[in-house]
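Encoded as structure tokens, the structure appears first; notes follow it.
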Amino acid sequence: MQEYPQETRRANNTRPRSLDVVQHVAERITHSVSQVIIGKRNEIRLTVLGLLSQGHILIEDIPGVGKTMMAKALARSIGATFSRVQFTPDMLPSDVTGVSLFNQKTNEFEFRPGPIMAQIVLADEINRATPKTQAALLEAMEERQVTVDGVTYAMQEPFLILATQNPIEYEGTFPLPEAQLDRFIMRIQLGYPSQTEEMLLLSAQQYEHPIQSTYQVVTVQELVSAQSAVREVYVAEEVKRYIIELVMATRRHGDVYLGSSPRGSLALFRTAQARAAMAGRDYVIPDDVKALAEVTLAHRVIIGPAARIKDISSRSILQDILASTPVPGASAQ
């Protein structure tokens, strides 16, 4: 029998009550969104996991698989304010962050907030915006604030950006720079539904879209409490070392031109905490790290020219790294 050593677990075996809040929030949101997005429970759980980790998510997939509906269902499930930004090449940064307008009645400038000021923001087809407009999101994503005309405005908690991009269509698009990709805690794909799932989808939308019957299942305060509880999950030194070894391996891999940044280590650390909490554990095990390494690190890896010619993907590189990096702490009991 294999078991992780005692150091990976809490010294006390008492289960914190805060974990019940995390599980309650995660299960209710997942169930609610699953009524709208059929057959994608794992992807929905990843999205909820990213929300609990206080990170932003990039959904890279073709049109029509439910990216927009997932964001709407998520916002309705927690009663959060929702806005959608449809990015186009002629969009200006002020169209995203907001603008200060002069009020002739008061003889003062008034700030008109842009769509980025909502709690859940759908940045649809983000790669269609010019680099100047994409850069307007950088401060909001990292520091959770925007600066307009020298005045800084803080975001309301919880703040989540769900960005989408079409990986197939390249005409009229501007690839996301590495600095912006690095600010997404994970990148996921929804993919096509199976035949059975698509049959259920047709039946579910025969009379009206399921999003119309989606209602709030948790409060914003419950979500904020769950986000705080996630950060209390214990991570042993050897698990931290395992995270660092995986990230360092992306920098040393022969097919990689530029490996993951330290922000990738933190993303893997935070999401592993959230995954453990959602499973009812107050400690992280290496399996949590392995399960999330690909979605948190693959988009931070820049493939070398020779590997690109061979059609080697960043996901296959991460799978190779996971297979070759020793998992810590496995010992006979």
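Counted over the chain, the DSSP beta bridges are approximately 45% antiparallel. Between Asp90 and Glu232, the modelled labels are 5.3 nm apart [label points 7 Å from Cα along Cα→Cβ]. Partners of Lys290 within straight-line reach, counting lysines whose Cα lies under 21 Å from its Cα and excluding those fewer than 8 residues away in the same chain: Lys40, Lys240.
Axis of helix 237-252 versus longest Cα principal axis of the chain: the two differ by about 70°, to the nearest ten degrees.
In terms of overall dimensions, the chain has a Cα radius of gyration and Dmax of 20.9, 77 angstrom. Derived scalar couplings between HN and Hα for the range 65-71 equal 9, x, 5, 5, 5, 5, 5 Hz in order, rounded to whole Hz, by the Karplus curve 6.51 cos²θ - 1.76 cosθ + 1.60 (θ = phi - 60°), x for Gly and Pro.
Would you mind telling me the antiparallel percentage of the DSSP bridges in the range 63-172, rounded to 5? That works out to approximately 55 percent antiparallel. Using the Cβ-Cβ distance between Arg144 and Asp320 with R0 set to 41 Å, the FRET efficiency works out to roughly 0.70. Converting the Cα gyration tensor eigenvalues of the range 202-248 into ellipsoid dimensions via √(5λ) gives semi-axes, longest first, of 40, 19, 7 Å. Each label point was placed 7 Å from the Cα along the Cα-to-Cβ direction; for Leu101 and His24 their separation is 4.3 nm. Sequentially through the range 84-98, phi angles give Karplus couplings (6.51, -1.76, 1.60; θ = phi - 60°) of 10, 10, 8, 6, 9, x, 8, 6, 9, x, 5, 5, 9, 7, x Hz, Gly and Pro residues having no value and appearing as x.
Read the figures in this text as sums done on the coordinates, not as results from a lab. Small disclaimer: the values here were computed from a predicted structure and weren't measured. Every residue, glycine among them, receives a Cβ derived from its backbone with ideal geometry; neighbour counts consider all protein chains shown.
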